[in-house]
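Each remark here refers to the structure printed beneath this line.
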Amino acid sequence: MEVLLRDVSKVFPGGTVAVDTVSLHVRPGELVVLLGPSGCGKTTLLRMVAGLELPTAGQVTLDGRPARTVAYSGRDVAMVFQELALYRHMSVAENIGFPLRWAGFDDAARHEKVLEVASALGIGELLGRRPSQLSGGQRQRVAMGRALVRNPRLFLMDEPLSDLDTQLRTELRTEIVDLVKDLGATCVYVTHDQTEALTMADRVAILRRGVLQDLGKPTDVYTRPATLYVAGFLGQPRMNLIEATVVVSLDQHVALRMGAQELRLPWLHMQARMLARYHGERIAVGFRPEALTPVPPDTTDNVLHGRVLYLEHHGHESLAFLDVGATAVTIDETGYGDPGTNRGRSRGVRGMLARLSGRGGRPAAASEEKAVERAGAGRHERARAELTIRLAPYPSIGVGHPVAVAVDVTRLHFFDDAGMRIDLARR
Ligand SMILES: Nc1ncnc2c1ncn2[C@@H]1O[C@H](COP(=O)(O)OP(=O)(O)O)[C@@H](O)[C@H]1O
Ligand SMILES: [Mg+2]
């Protein structure tokens, strides 16, 4: 089934803009994950696709027909919610078979179908039990079974795994993908968990405050995030985002000044000429730990020097957080700001780059100021940039030690003061 959203918005009474002009095309058989922090509008968007909620503006169509019509008319669409609504007084078999009663299946046909679905989900032994006699994971499987039993053409899942422990989540993640793909069904899957999104999705749609920030294959949104927000949101550890001033040295290189240090991109570097247009301006530079390698202190080319602020040991690796004497770019991470202030502020990505947009003589909107305060980096304070690097487990260096890091300048990310990726932004 094909899902098409055209400029869809939802404003709740009271003025909360839960979804802001989202356009999205989910192709038949595709699994699209809606990813974003709590309150960014994922559930509202999914409910509009399910026909449970009407958009304030724009259209949602399923195979060309209005979502509401499809949802009411058929059994083509199945939804699995985060809050499992199993019937407590019914057995597992009755719970799974429940939708078939309405579809007019007789007892024998229903029994057969329930058995088939239950064994596919590995809960064939549990058919006689009540929900209260099941573990969380088993209950989740029953809820999935109830959705699957109708052979829907469209699955809508709203954080179905978020109440489960890590082990189970990992297991069910692959099972869900397999089941959906086996059925050839289309699926819109909602989560706030980036690992789920990146491992399950054919394409990921990232939302912030009801606004679609980026849409693409997991590797694409990870390697070329379209906005500063996505850059800072995806990845563990997160991308380091640091303020830099662009300084062009004619015919030689483009320097990125960060505090007392700088990185130099030779003219031949693909992105140097593009950055040259920002001469004298402040931009945000993103470094994933993958682009940073510790080197001996006397290395000279494109090296940043810093001191270890603290270390974090993760067993298979350790992370070192370095102070490199630069300024961090802070992003307002809170999913949703004050009700009613969304529109006009965060249209597109403007307003997300709180610190940068408050500079250069451009007055920051009052709401941006607030965001800055919340992030603990007011306009007149300087947030200390931390550069996260990966080290072998339990390294010999300790807190306070100096560290030199070579930067792979071909793997940097650049964002303008509106938070747009510079090689995508038009100038
Ligand atoms: N029925 C409602 N009435 C008013 N505001 C709502 C309603 N449902 C959701 N909201 C608001 O809309 C925003 C998006 O909510 P939601 O779609 O549930 O986000 P998510 O699922 O991403 O956590 C939130 O600010 C939420 O408080
Ligand atoms: Mg939700």
(message) Within segment 131-140, does at least one residue satisfy the condition of being modelled with pLDDT of 90 or more, under 30 Å from residue 55 (Cβ atoms) and not small (Gly, Ala, Ser)?
(response) no
(message) Quick check on residue 198: is it under 30 Å from residue 172 (Cα atoms), outside the structural domain of residue 284 (by TED's automatic domain parsing) and either within 16 Å of ligand 2 (Cβ to nearest atom) or part of a strand (DSSP E or B) (or both)?
(response) no
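Quick grid of which residues meet (1) hydroxyl-bearing (Ser, Thr, Tyr); (2) away from ligand 2 (no atom under 16 Å from the Cβ); (3) assigned by TED's automatic domain parsing to the domain that holds residue 181:
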{"residue": "35", "(1), (2), (3)": "no, no, yes"}
{"residue": "53", "(1), (2), (3)": "no, no, yes"}
{"residue": "56", "(1), (2), (3)": "yes, yes, yes"}
{"residue": "63", "(1), (2), (3)": "no, yes, yes"}
{"residue": "66", "(1), (2), (3)": "no, yes, yes"}
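Table: residues versus (1) over 26 Å from residue 199 (Cβ atoms); (2) out of contact with any Lys or Arg (no Cβ under 9 Å at 6 or more places or on another chain); (3) modelled with pLDDT of 95 or more.
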{"site": "12", "(1), (2), (3)": "yes, yes, yes"}
{"site": "17", "(1), (2), (3)": "yes, no, yes"}
{"site": "20", "(1), (2), (3)": "yes, no, yes"}
{"site": "26", "(1), (2), (3)": "no, no, yes"}
{"site": "29", "(1), (2), (3)": "no, no, yes"}
{"site": "32", "(1), (2), (3)": "no, no, yes"}
{"site": "36", "(1), (2), (3)": "no, no, yes"}
{"site": "60", "(1), (2), (3)": "yes, no, yes"}
{"site": "67", "(1), (2), (3)": "yes, yes, no"}
(request) May I ask you to verify whether residue 275 is out of contact with any Pro (no Cβ under 6 Å at 6 or more places or on another chain), touching a residue at least 60 places away in the same chain (Cβ under 8 Å), among the hydrophobic types (A, V, I, L, M, F, W, C) and within 19 Å of residue 407 (Cβ to Cβ)? (result) yes
(request) Tally the residues that are buried (at least 23 other Cβ atoms within 10 Å of the Cβ) and either of a type in the set (Val, Ile, Thr) or over 8 Å from the mean Cα position of the chain (by Cα) (or both), restricting the search to segment 190-199. (result) 3
(request) May I ask you to say which residue of 26, 114, 77 is more than 16 Å from ligand 2 (Cβ to nearest atom), within 23 Å of residue 211 (Cβ to Cβ) and surrounded by 17 or more Cβ atoms within 10 Å (Cβ to Cβ)? (result) 26
(request) Could you check how many residues of segment 6-23 are more than 20 Å from the chain's Cα centre (by Cα), surrounded by 21 or more Cβ atoms within 10 Å (Cβ to Cβ) and more than 10 Å from ligand 1 (Cβ to nearest atom)? (result) 0
(request) Might you let me know whether segment 253-276 holds any residue that is at pLDDT below 90, aromatic (Phe, Trp, Tyr) and in the same structural domain as residue 328 (by TED's automatic domain parsing)? (result) yes
(request) Among the candidates 331, 283, single out the residue that is in contact (Cβ under 8 Å) with a residue 24 or more places away in the chain, among the β-branched types (Val, Ile, Thr) and in a strand (DSSP E or B). (result) 283
(request) Could you list all residues from segment 30-48 that are among the hydrophobic types (A, V, I, L, M, F, W, C) and near ligand 1 (Cβ under 6 Å from one of its atoms)? (result) 40
(message) List the residue pairs whose Cβ atoms are under 9 Å apart, where the first residue sits in segment 305-323 and is farther than 14 Å from residue 237 by Cα, the second is among the basic types (Lys, Arg), and the two are 6 or more positions apart or on different chains.
(response) 309/384; 323/307; 323/384
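Could you tell me how many of the residues in segment 3-19 are of a type outside the set (Val, Ile, Thr), more than 13 Å from residue 62 (Cβ to Cβ), assigned to a strand (DSSP E or B) and more than 16 Å from ligand 2 (Cβ to nearest atom)?
2
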(message) Which pairs turn up if I take residues in segment 374-400 that are modelled with pLDDT under 90 and look for partners that are surrounded by fewer than 17 Cβ atoms within 10 Å (Cβ to Cβ) and among the aromatic types (Phe, Trp, Tyr) with beta carbon separation below 9 Å, at least 6 apart in sequence or on another chain?
(response) 386/310
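The values are calculated or read from the model by the stated rules, or taken from the named source; none is laboratory data. Values in this document were obtained by computation on a predicted structure and should not be read as measured data. Virtual Cβ from ideal backbone geometry, glycine too; neighbours counted across all protein chains shown.
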